[in-house]
Structures are given as C-alpha cells and as structure tokens.
Amino acid sequence: EKMPLQVDINGTMQKLSIEPRVTLLDLLREQLHLTGTKKGCDHGQCGACTVHVDGQRVNSCLTLAMTTEGCKVTTIEGLGSVDQLHPMQAAFIKHDGFQCGYCTPGQIMSAVACVREGHANNPDEIREYMSGNICRCGAYANIVDAIMDVKH
Ligand code: FES
C-alpha cells in the first residue's frame, strides 16, 4: 500500500505517494527521473548513489525514502547548473577527476560534504573521507587534487 511522502528535492517540495519499502535511490531515479544519482552496488559499498539529506551525505541505496519525510534532499542535479557549475564540479573538470564518469555524481556529492565538514585539510584526510566512493577507473589522485583545489 502506498504512503504519502512530502520531501524537498533540490528546492522543490514534492508531494508523493510511494511504497514504504522503496529506497531513496529508486525514488529519485525511477519516480522522479533524476538519473544523475547512480546505482552501482545497491548495497552501500560503492558510493555511486551518494546524495545529501539535510546537508549530510548518505548512500541513497541504503536510505528508505520514507525516512526523508520533511527533509531537504540534494542530488547532483541540484548542486549547480549547466550555466553555473558548483565549484566542485568545475574542479573535477579542471583536474580530470573522472574517466568513464559513472561514479562522478557520487564522488562530487561526497567531495562537497568532505570540504563542508572540514575533512579536506590534507590528501590523507581526503582519501580517508572519500574511501566509500569507489572509482573503477582509478581517478583517485585527480579527485584528491580537485578537492584540495576547492579547499585551498
Ligand atoms: Fe549505493 Fe553502491 S549503489 S553504495
């Protein structure tokens, strides 16, 4: 049976009707067609699905959508726009912080949280904070460079 859910997604209050067991990831991708958030493992092990809920980063594949009632959810689509990239998006481009790009939305959402939470003081700290975001192409060094650039 569907349940009502009111949640702010990227600045728009959404009044939804959802199955209680649906994850935030599936809500975003399948119901709202916000496909910037990626499904990698669907088990909390890759970070491709990272979004912010009330400013905190979460793995949206492990978050039941119902738990975001009344919250503010930000996805990669809400971070910047094509005309006005978020500084972290611009830094990833400048430093080639990706190859195939599949993990990039999650990497950027984590990177923004990393700087905001004060864990971007040196490359070791950044690597530790970002360790839940897997990049199969191995763009890690450039990702750290991009985060250091935004931080300093
Ligand atoms: Fe959520 Fe991999 S899809 S952590």
> Where residues in region 25-42 are part of a helix (DSSP H, G or I) and more than 7 Å from the ligand (Cβ to nearest atom), which of them is nearest to Val73 (Cα to Cα)?
Replying inline: Leu28
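Hey, can you tell me all the residues within region 1-15 that are of a type outside the set (Asp, Glu), assigned to a strand (DSSP E or B) and surrounded by fewer than 22 Cβ atoms within 10 Å (Cβ to Cβ)? Break it down stepwise before answering.
Residues of region 1-15 of a type outside the set (Asp, Glu): 2-7, 9-15.
Subset that is assigned to a strand (DSSP E or B): 3-7, 9, 12-15.
If the condition is that a residue be of a type outside the set (Asp, Glu), assigned to a strand (DSSP E or B) and surrounded by fewer than 22 Cβ atoms within 10 Å (Cβ to Cβ), then Met3, Pro4, Leu5, Gln6, Thr12, Met13, Gln14, Lys15 are the ones that fit.
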>> Which of the helices (runs of 4 or more DSSP H) found entirely inside region 74-143 contain at least 2 residues meeting this: assigned by TED's automatic domain parsing to the domain that holds Gln56 and of a type in the set (Val, Ile, Thr)?
In response: none
> Could you list, in sequence order, the residues of region 1-24 that are in contact with a helix residue (DSSP H, G or I) (Cβ under 8 Å, 6 or more places away or on another chain) and either within 11 Å of the ligand (Cβ to nearest atom) or over 18 Å from Glu77 (Cβ atoms) (or both)?
Replying inline: Met3, Leu5, Ile18, Pro20, Val22, Thr23, Leu24
> What number goes with the only condition from (1) at pLDDT 95 or above; (2) surrounded by 19 or more Cβ atoms within 10 Å (Cβ to Cβ); (3) of a type in the set (A, V, I, L, M, F, W, C) that Met148 does not pass?
Replying inline: (2)
> Which of (1) on the phi < 0 side of the Ramachandran plot; (2) modelled with pLDDT under 95 is the odd one out, the single condition Ile143 does not satisfy?
Replying inline: (2)
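Hey, among Ile76, Ile18, which residue is farther than 16 Å from Thr104 by Cβ, buried (at least 16 other Cβ atoms within 10 Å of the Cβ) and aliphatic (A, V, I, L, M)?
Going through Ile76, Ile18 in turn, just one is farther than 16 Å from Thr104 by Cβ, buried (at least 16 other Cβ atoms within 10 Å of the Cβ) and aliphatic (A, V, I, L, M): Ile18.
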>> For region 121-138, which positions are under 17 Å from the mean Cα position of the chain (by Cα) and among the small types (Gly, Ala, Ser)?
In response: Ser131, Gly132
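Can you find even one residue in region 118-138 that is farther than 17 Å from Lys38 by Cβ, at pLDDT below 95 and surrounded by fewer than 14 Cβ atoms within 10 Å (Cβ to Cβ)? Spell out how you get there, then give the answer.
In the first step, residues of region 118-138 are kept if they are farther than 17 Å from Lys38 by Cβ; the result is 118-129, 131, 138.
Add one more test, that the residue is at pLDDT below 95, and what stays is 138.
Then keep just the ones that are surrounded by fewer than 14 Cβ atoms within 10 Å (Cβ to Cβ); that gives 138.
Checked against the condition, which is being farther than 17 Å from Lys38 by Cβ, at pLDDT below 95 and surrounded by fewer than 14 Cβ atoms within 10 Å (Cβ to Cβ), region 118-138 yields at least one hit.
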> Out of the residues in region 45-70 that are surrounded by 14 or more Cβ atoms within 10 Å (Cβ to Cβ) and in a loop (DSSP other than H, G, I, E, B), which is farthest from the ligand (Cβ to nearest atom)?
Replying inline: Thr63
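The values are calculated or read from the model by the stated rules, or taken from the named source; none is laboratory data. Since the model is a prediction, treat every value here as computed from it, not as a measurement. All Cβ positions, even for glycine, are placed from backbone atoms using ideal geometry, and neighbour counts span all protein chains on display.
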